[in-house]
Amino acid sequence: MPRIVCVAGARPNYMKIKPVMDALEGRGAEVLLVHTGQHYDPAMNDVFFADLGIRPPDRFLGVGSGTHAEQTGRVMTAFEPLLEEVSPDIVVVVGDINSTLACALVTAKAGPLLAHVEAGLRSRDWSMPEEVNRVATDRVADHLLAPSPDAVDNLRAEGYREDQIHLVGNVMIDTLLTNLERARASDVLARHGLTRREFGLVTLHRPANVDDPAVLTGLLKALGEIAGRCPLLLPVHPRAAGRLAEIGVPGGIRLVPPAGYLDFIALQDAARVVLTDSGGVQEETTALGVPCVTLRDNTERPITVEQGTNVLAGRDPERIVATVNRVLDDPPAPRRPELWDGRASDRIADVLLNGGTASTRPRPTSLPRPKSADRPSPEDRTLPI
């Protein structure tokens, strides 16, 4: 059985890596969990390990925060000697954070096979660091483990080989379905004095929304209007806390500390509507059948709009208010995409263990460079060049 390194670095990774580790270990693989330390705050880290029952990491790199370049560089510098020491057959990276890209680049040059969970997701918004991370990670990966048909279509359009692309489903939903009844047993509603279906839940953390005071002020104005009809609860992400305090929050919006995984699932499950800029929340609300309004102009998870309960509202305050009012008046019907069935991790293990380590490791065939010597336009930049 192969030795497999699974990498996690921040909160969005934990719900994705846990079911994959369980499925691999259940089949007899030797799994080493490497935590890069990109998230290290207990509210964003420890509580999730406890809620999800993730065992302590075998290695903790402790890279901490910093600019994108600093963080990516520190992860690469710490991960390279580790990879040489443990000599894995496969490295599994998940999602699109800086740790994902850093460990993917080191692996691609070191020799082990590289598997990317959530491959093929595309927002086509190159102002998002996550878009750069996910496209670059796919480009050097051997196994592209796609969560949805649109992701498969993206990978095929970008020229990847059919034997690299695997439609496996959504591992986030594996974790959600496994823990849903435990979450529903939480007392979080009582702690916050909430009644089921009588409040809205808000999350804000993306730099485009919280780093620009003018944008954040507009979003808070919209949320204040919505709160007049539906009281809102906002668990505060650390990166947004200071800015919210500076600007001030309208009445009807309650700020609370960050919630652990089980409490947050319980809040989503009980909410009348969820307003978010998080990709993972778009997926979780779709699986739960809860109306979701996304405070972004685009999404790398279009299946949540096409087959789920998600509606894109953008960041214009008037449009946000109008969209939320429409959703409250006429909620979208619950729909769950195919293969969001709680078995994505089993399909991933099948891919990696049934011949995955025997691959001759042909790297993805390079595509011709564009005829024009000019920099590709944004709509063309998802093509590997």
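The values are calculated or read from the model by the stated rules, or taken from the named source; none is laboratory data. Keep in mind that what you see is a predicted model, and the values were worked out from it rather than measured. For neighbour counting, all protein chains shown are included, and Cβ atoms are generated from backbone atoms with ideal geometry for every residue, glycine included. For accessibility, only protein heavy atoms count, side chains too; no ligands or nucleic acids. Shrake-Rupley method; radii C 1.70, N 1.55, O 1.52, S 1.80 Å.
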Listed highest first by mean packing, meaning other Cβ atoms within 10 Å per residue, what order do 137-145, 239-247, 107-115 come in?
137-145, 107-115, 239-247
Scalar couplings 3J(HN,Hα) for segment 146-155 by Karplus 6.51 cos²θ - 1.76 cosθ + 1.60 (θ = phi - 60°), nearest whole Hz, x for Gly and Pro, are 8, x, 7, x, 5, 5, 4, 4, 4, 5
In Å³ and rounded to a whole number, note down the convex hull volume per residue for the Cα atoms of segment 71-173.
101
Out of Gly342, Ala157, Leu234, whose Cα points farthest toward the positive end of the dipole of the chain (charges: +1 Lys, Arg; -1 Asp, Glu; placed on Cβ)?
Leu234
Taking 8 Å as the Cα distance limit and 6 or more residues as the minimum spacing, I'd like the relative contact order of the chain as a percentage.
17
Charges at C-beta only: +1 for Lys and Arg, -1 for Asp and Glu. How large is the resulting dipole of the chain about its Cα centre, in Debye rounded to 20?
280
Could you tell me the center-to-center distance, by alpha carbons, between segment 174-231 and segment 1-74 in angstrom?
26
Projecting each Cα onto the charge dipole of the chain (Lys/Arg +1, Asp/Glu -1 at the beta carbon, about the Cα centre), which of Met128, Val63, Ala110 comes out farthest on the positive side?
Met128
Please calculate how many Å² of accessible area the chain carries per residue, with a 1.4 Å probe and no DNA, RNA or ligand atoms counted.
40
222 nm mean residue ellipticity, helices alone, for the chain (DSSP H n ≥ 4; -39,500 (n - 2.57); rounded to 500)
-13000 deg cm²/dmol
Given Cα positions, please report Rg to Rh for segment 21-82, the hydrodynamic radius being the Kirkwood one.
1.03
Rank Asn325, Gly279, Gly200 by how far each Cα sits towards the positive end of the charge dipole of the chain (+1 on Lys, Arg Cβ; -1 on Asp, Glu Cβ) and give me just the farthest.
Asn325
Out of every Cα pair in segment 1-147, what percent are spaced more than 27 Å from each other?
13
Given H placed on each backbone N at 1.01 Å, which residues far from Leu167 in sequence or on other chains put an amide H within less than 5 Å of it?
Ala146
In whole percent, how big is the carbon plus sulfur part of the accessible area of the chain, probe 1.4 Å, protein atoms only?
52
Isotropic mean projected area of the C-alpha convex hull, the chain (nm²):
18.4
